[in-house]
Amino acid sequence: MESKRNTSSFRDPSGFVFIEDNTVKRVVNPIYFEQYKALTDSGFYKTLFDKKYLIPHQEVSKSNVEIIVEASKIPFINYPYEWSFLQYKHAALLTLKIQKLCLENNFILKDASAFNITFHEGKPIFIDTLSFDFYQENNPWLAYKQFIMHFLGPLVLAKYYGQDHLKTLSQNLEGIALQKLSKLLPLKSFLSPTILTNIHLLAKYDKKYESDKKTVNNNLTKVSQVKLLDGLYDFISNLSVNENTEWDHYYNQINYNDAAYQYKKEVVKDWFSSIKGETLIDIGGNDGTFSRELKDVAKLIIVADVDANAVEQNYKKVLKNKEITILPIVADVLNPSANYGFNNVERFSFIERVKNSNLDGCLALAVIHHITLSGNIPFSFSARFFSQMAPNLLIEFPTRADSWVQFLLDSKREFKNHFDFYNEENFEKEYAVYFEIVKKEKIVSSERILYSLKRR
């Protein structure tokens, strides 16, 4: 059993996750038997399942040394540093809703890690079955500080300084330290009663009692805790970020006409049908315009883009139209998230998670010229990257006559000649190492080519 243990699951003595026959199972240790029984017998687990707050599980075996439950499998686990601002907000609000529901049923969330949430079927969902404990009268919410460090902190940093601060947990798996958070925030943040109370004063309090080791009376009634949760909920609900990004509203500035635009949509649908696809990743997919054409036939569409605003627009469409098969995430092809944490296997890299998802196809429309000319990535390198995404690739290649390519080449100034290799022939030669060309077709009314490739 230990040999199958998921390397992300080791911090909680209550139990751990393991993978068996492509199913996700969780061992419940005797130390958690009492809580597990109460959560099951009271119907609280079922309440969480019904509300779609917690990933469902079912008990598969039980003994006096362990209980094993099998959880519904999520096809692609995503992390906080891959969420747009609105996604991050919704993950925070879900955590608060769960804690409030816990109090109403005499339980608590014993931890409030943002890594306990992932996005699945269009919405955030809690995935740690063993994060619940008994409520003790007048005891404070012990996970409150963690909530501030994992959720409120990154959100307010993003509000004041931009959405890159939502990636803070990639370098701080334990959350951003309170003293550091307080120092980073601008002076005007002291004018917000919520930030003043829940960050600045909390950081001061935390530092004081950390240094002198005094025992502090932390009594807090359930009513007071609910007020705290409601205050945080209202504040986070109203948080916004105003930041213009490079590819925001990208499709308002495309450089080909309606005929080319519609032609691409038809090619995407024909290609996905030809590979008999069910799952897909759309690299540089912006707001999901093209891969959304497949929403009625695909079981999972991961739309990855570097632009957080574009990802947010996509997420809003997912919510509005209840497009549960589409998963928008923030991902930078030029710097995809790495393995993080203990032994570098506590949080898995973007590439590894994609590979393990065994997707059928990969879309890469209007992205190769940015990878090559903006990122200075050789064709051989990008070919290897795409070969790890899926066995089938539909990639758009803008030729040197394309206006965007000309703009990018001109921006190289005196180094423009260094990119003489950027042409159709060299692209085909380097990609042929990893792929065979199934089909090649020029996009009508444009200087762009669509290649349907199959991995060797």
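Computed from the coordinates by the stated procedures, all read-outs in this text should not be read as laboratory data. What you see is a predicted model; the values in this text were computed from it and never measured. Positions of Cβ are generated from backbone atoms using ideal geometry, with glycine treated the same way; all protein chains shown enter the neighbour counts.
Annotations for the structure displayed:
- Over 26 Å (Cα to Cα) - which of K97/K167; K265/K412; K73/K265; K159/K316; K46/K123 fall in this group: K265/K412; K73/K265
- Dividing the radius of gyration of the alpha carbons in segment 317-405 by their Kirkwood radius gives 1.02 for Rg/Rh.
- Relative exposure of T47, T23, T325, judged by other C-beta atoms within 10 Å (fewest first): T23, T47, T325
- Estimated 222 nm signal from helices in the chain, with DSSP H stretches of n ≥ 4 weighted -39500 (n - 2.57), rounded to 500: -9500 deg cm²/dmol
- For segment 250-455, the antiparallel share of DSSP beta bridges with both residues in that region comes to about 45%.
- Residue order, fewest to most surrounding Cβ atoms within 10 angstrom, among S291, S273: S273, S291
- Here's the picture: charge each Lys and Arg Cβ at +1 and each Asp and Glu Cβ at -1 in the chain, and of S403, V444, Y36 the one pushed furthest to the positive end of that dipole is Y36.
- Rg and Dmax, both from the Cα atoms of the chain and both in Å, are 24.3, 74.
- Debye intensity ratio I(q)/I(0), log10, segment 58-152, q values 0.13, 0.17, 0.21, 0.24 Å⁻¹ (C-alpha model): -0.51, -0.83, -1.10, -1.24
- Residues in segment 187-192 carry Karplus couplings, in order, of 4, 5, 5, 5, 7, 8 Hz; the curve used is 6.51 cos²θ - 1.76 cosθ + 1.60 with θ = phi - 60°, and Gly or Pro positions show x.
- Euclidean distance of C-alpha centroids, segment 333-360 and segment 401-456, integer Å: 28 Å
- Residues in segment 433-455 reached by a label modelled at E266 [backbone nitrogen below 11 Å; 7 Å Cα→Cβ]: 444
- For segment 374-388, the Karplus equation 6.51 cos²θ - 1.76 cosθ + 1.60, evaluated at θ = phi - 60°, returns couplings of 7, x, 6, 9, x, 4, 4, 6, 5, 4, 5, 4, 5, 5, 8 Hz by residue, with Gly and Pro reported as x.
- Once exposed loop GluC sites (Glu not before Pro) are cut out (DSSP; at most 16 other Cβ, 10 Å), longest piece of the chain: 279-456
- Of the cross-linked pairs K264/K429; K52/K222; K110/K227, those separated by over 22 Å at the C-alpha level are K264/K429; K52/K222.
- Placed amide H near F107: partners under 5 Å, 5+ positions off or other chain: Y135
- Taken along the Cα-to-beta-carbon direction at a fixed 7 Å, the label points for V60 and A401 span 5.8 nm.
- Fewest-first ordering of H418, H150 by other beta carbons within 10 Å of each residue's beta carbon gives H418, H150.
- Residue separation of D332 and D410 scaled by 0.36 nm, minus their Cα-Cα distance, works out to 25.7 nm of gained length.
- Binned Cα-Cα distance frequencies in segment 80-237 - 5 Å width, integer %: 1, 9, 18, 22, 22, 16, 9, 3, 0, 0
- Measuring nothing but alpha carbons in segment 250-455 and taking Rh as the Kirkwood radius, the Rg to Rh ratio lands at 0.95.
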